[in-house]
1. Between helix 2-17 and the chain, what is the angle of the helix's C-alpha long axis to the longest principal axis, kept within 0 to 90° and rounded to the nearest 10?
2. Given charges of +1 on the Cβ of Lys and Arg and -1 on the Cβ of Asp and Glu, with all other atoms neutral, how large is the dipole of the chain about its Cα centre, in debye to the nearest 20?
3. Apply the Debye scattering formula to segment 18-98, with a single equal point scatterer on each alpha-carbon and no solvent, then give log10 I(q)/I(0) at q = 0.12, 0.16, 0.25 Å⁻¹.
4. With unit charges on the beta carbon (Lys/Arg positive, Asp/Glu negative), name the residue among Leu66, Thr21, Thr35 whose Cα is farthest towards the positive pole of the charge dipole of segment 1-124.
5. Report the label-to-label distance for Ile2 and Ser119 in nanometres (one decimal), using points 7 Å from each Cα along the Cα→Cβ vector.
6. Using a Gaussian network for the chain with springs between C-alpha atoms less than 10 Å apart, which of these wobbles most: Leu135, Leu208, Leu105?
7. For the Cα atoms of the chain, what angle does the longest principal axis make with the long axis of helix 192-220, in degrees from 0 to 90, nearest 10?
8. Counting only helical runs of four or more DSSP H residues, what would the 222 nm mean residue ellipticity of the chain come to if each run contributes -39,500 (n - 2.57) and the total is spread over all its residues?
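Bear in mind that the values in this text are calculations on the coordinates, not laboratory data. Small disclaimer: the values here were computed from a predicted structure and weren't measured. Reconstructed Cβ throughout: ideal geometry from the backbone, glycine too, with neighbour counts over all protein chains shown.
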Amino acid sequence: MIQIFAAVLRRELRLAATAKTEWLMPLFFYVIVVTLFGLGATPNDPKLAEFAPAILWVGALLAALLTLERLFRADFEDGTLEQIFLGTQPVTLVVAAKLLAHWLLTGLPLALLAAPLSSALGFSSAAIPALVAGLALGTPVLTLIGGFASALTVGLPRAGVLLPLLVLPLVTPVVIFGAGAARVAQSGLDGAAPLYFLAAILVLGLTLLPWATAAALRNAFE
């Protein structure tokens, strides 16, 4: 089973290497969104640093949404998903590998990119570890929830319109706890409690959502 998981993960990473622009677009979008907030604010405005956690988290969420529609659609359209369901390999394992590849290509770079972008907003350097830790815990949840929503809409012709409506309400707790951890750390307090909540949400998502995503994909063929 580990070999199947590793093979699917390698396949997804190789496919991403042939379409670098597609996976770099969320990072450029993230930089543009955060930069525009900085340029639109009053120079040296202390309120910009106060709102930095919300700006960085919402920007990361919107950037992650850009690639969700294509998470399963290409495999659905060329028949790869159908072959997976006809095969003997566990579908949930294949789905988990695809979700991990998506996070490695999108969520993890967004979390790491938040550190230099937060400095541009005047965010406290002492609170950057809490911000990055929150994004490192929260972006996998965004991928899991987004993958489930993408599986629900994979057979629909205009799924890109529905995806934000499905994903945004579900990720609200993640944004609240993630931005809250950064704000608490910025105020000089311990931001561990919101991070523990994020970790609990992540564990719950890892437990349920790969199976739910596989079931939603199976339903697309019925």
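1. Between the helix axis and the principal axis of the chain, the angle is about 70 degrees.
2. Working: 11 positive and 11 negative charges, 34 e Å.
My answer is approximately 160 debye.
3. -0.54, -0.74, -1.15
4. Thr21
5. 3.9 nm
6. Leu208
7. Here the helix axis deviates by roughly 30 degrees.
8. Result for the chain: -26500 deg cm²/dmol, rounded to the nearest 500.
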